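Novice: Sharing a structure, written as structure tokens. Questions coming.
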Amino acid sequence: MRLVVFGRQGAGKGTQSARLAAHFDAPHISTGDMLREAAAAGTPIGLEAKGYMDAGRLLPDEVMLGVVEERLAQPDVLEHGFLLDGFPRTLGQAEALLGITEVDVAVNLEVPEEVVIERISSRRVCKGCGRIYSVAEPPSTNWTCDTCGGEVVQRPDDTSDAVAARLATYQAETIPAVHWFDTKGLLVTVDGVGTPDEVAERLIAAVEARLAERR
Ligand code: AMP
């Protein structure tokens, strides 16, 4: 299974990508998570990425392509395929991706902008393991992660200025990549409003229907 998941920030892309990856038994590759891990570890790419991420700006395509190409060459991907979450983010990245691998389905998780702004401003995340909470559903004790005991905080790029920048970037840079996948006949759009379980069910059904059409 080779899947790509599109969705503006706060659409539930990370949560739903993890579920889809588990369902289809494919490695979940989140470029945002890879960059945050690299930044925390202080690697050269991580240090370069941090400035872009905190400002809500995209890293250059050639840097991202290097990161993704290396990841897609790993044995787990060669055996099980992949679920790409957060890549491609530009038309250039989309074209480059189809130059190095085939994609079976691209999913567009559609959530209106006013809904995502509300979701992002209340989102909190564990610094240790990345588990997602919200102001409405915090960890059980004092912003300490229920899973790993890490500190639960607001992501530096979830502040209102950075969110506005990221949404504008999504519109200008990523929507053309979404349309491009549509012109290739690879895109399915799924309504991302609802409980996580409802959305996951819709997504799995849409992907399976698309795969069945092709068989
Ligand atoms: P995400 O967790 O997917 O929202 O990604 C967080 C940040 O990482 C983005 O705002 C970008 O700064 C950077 N990033 C992640 N994926 C990409 C990509 N494919 N191209 C450029 N920048 C990226």
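The values are calculated or read from the model by the stated rules, or taken from the named source; none is laboratory data. Values in this document were obtained by computation on a predicted structure and should not be read as measured data. Counting neighbours? That spans all protein chains shown, and the Cβs are built from the backbone with ideal geometry, glycine included. The accessibility values were calculated without ligands, DNA or RNA, using every heavy atom of the protein model including side chains. Shrake-Rupley method; radii C 1.70, N 1.55, O 1.52, S 1.80 Å.
Novice: Could you give the nm distance between label points at residue 197 and residue 102, where each point is 7 Å from its Cα heading toward the beta carbon?
Specialist: About 3.6 nm, to one decimal.
Novice: Let me ask something additional. Could you tell me the center-to-center distance, by alpha carbons, between the stretch 135-149 and the stretch 23-91 in angstrom?
Specialist: Taking the Cα centre of each part, the stretch 135-149 and the stretch 23-91 sit 27 Å apart.
Novice: Okay, moving on. Give the residue from 84, 126, 108 lying farthest towards the positive end of the charge dipole for the stretch 78-138; charges sit on Cβ (+1 for Lys and Arg, -1 for Asp and Glu) and the dipole is referred to the Cα centre.
Specialist: Of the listed residues, the answer is 126.
Novice: Gaussian network model of the chain, Cα springs within a sub-10 Å range: biggest mean-square fluctuation belongs to which of 90, 147, 31?
Specialist: 147
Novice: What residues qualify as long-range amide H neighbours of residue 11, i.e. H under 5 Å apart, gap of 5 or more or another chain, H built at 1.01 Å from N?
Specialist: Hits under the 5 Å cutoff: none.
Novice: Summarise the accessible area of the chain (1.4 Å probe, protein heavy atoms) by the percent that is carbon and sulfur.
Specialist: Carbon and sulfur together cover 52 percent of it.
Novice: Here is a follow-up. Just 16, 74, 93 to compare: in a GNM of the chain, with alpha carbon springs under 10 Å, which one fluctuates most?
Specialist: It is 74.
Novice: Further question on the same structure: Using just the helices of the chain, give the 222 nm mean residue ellipticity in deg cm²/dmol: DSSP H runs with n ≥ 4 each add -39,500 (n - 2.57), and the total is spread over all residues, rounded to 500.
Specialist: -15500 deg cm²/dmol
Novice: Return the ratio Rg/(2.2 N^0.38 Å) for the stretch 1-42, where Rg is computed over Cα atoms only.
Specialist: Here the Cα radius of gyration is 1.25 times the empirical estimate.
Novice: OK, next. Which net charge results when you count Lys and Arg as +1 and Asp and Glu as -1 among the other residues whose beta-carbon is under 14 Å from that of residue 68?
Specialist: Residues close to residue 68 contribute a combined charge of -4.
Novice: Sticking with this one: Got the relative contact order for the stretch 87-160 handy, in percent, Cα pairs under 8 Å and 6 or more residues apart?
Specialist: 23 percent
Novice: Would you mind calculating the relative contact order of the chain from Cα pairs under 8 angstrom and at least 6 residues apart, reporting the percent as a whole number?
Specialist: 29 percent
Novice: Roughly what angle does helix 91-100 make with the longest principal axis of the chain, taking Cα atoms, 0 to 90 degrees, to the nearest 10?
Specialist: It works out to around 60 degrees.
Novice: Something else about it: Quick check: net charge around residue 154, other residues with Cβ under 9 Å of its Cβ, Lys/Arg +1 and Asp/Glu -1?
Specialist: +2
Novice: Largest first and in whole Å, give the semi-axes of the stretch 2-214's equivalent ellipsoid, each being the square root of 5 times a Cα gyration tensor eigenvalue.
Specialist: Semi-axes from the Cα gyration tensor: 25, 21, 18 Å.
Novice: So if each residue of separation counts as 0.36 nm, and I subtract the Cα-Cα distance between residue 131 and residue 115, what length gain in nm does that give?
Specialist: Extra length available between residue 131 and residue 115 comes to 3.7 nm.
Novice: Solvent-accessible area per residue for the stretch 155-215 at a 1.4 Å probe radius, Å²?
Specialist: 53 Å²
Novice: Excluding residues on the same chain fewer than 8 positions from residue 184, give the aspartates and glutamates whose Cα lies under 17 Å from its Cα.
Specialist: Here the aspartates and glutamates satisfying the reach criterion relative to residue 184 are 95, 102, 104, 213.
Novice: Got a sec? Charge dipole of the chain, +1 on Cβ for Lys and Arg, -1 for Asp and Glu; which of 22, 153, 163 is way out at the positive end?
Specialist: Of the candidates, 153 comes out farthest on the positive side.
Novice: On to the next question. With charges set only on the Cβ (+1 for Lys and Arg, -1 for Asp and Glu), what does the dipole of the chain come to about its Cα centre, in debye to the nearest 20?
Specialist: About 140 debye.
Novice: Let me ask you something else. Would you kindly find the accessible area of residue 186, with a 1.4 Å probe and non-protein molecules such as ligands, DNA and RNA excluded, rounding to the nearest 10 Å²?
Specialist: 20 Å²
Novice: Right, another one. Taking the Cβ of residue 100 as the center, what net charge do the other residues with Cβ under 12 Å away carry, scoring Lys and Arg +1 and Asp and Glu -1?
Specialist: -2
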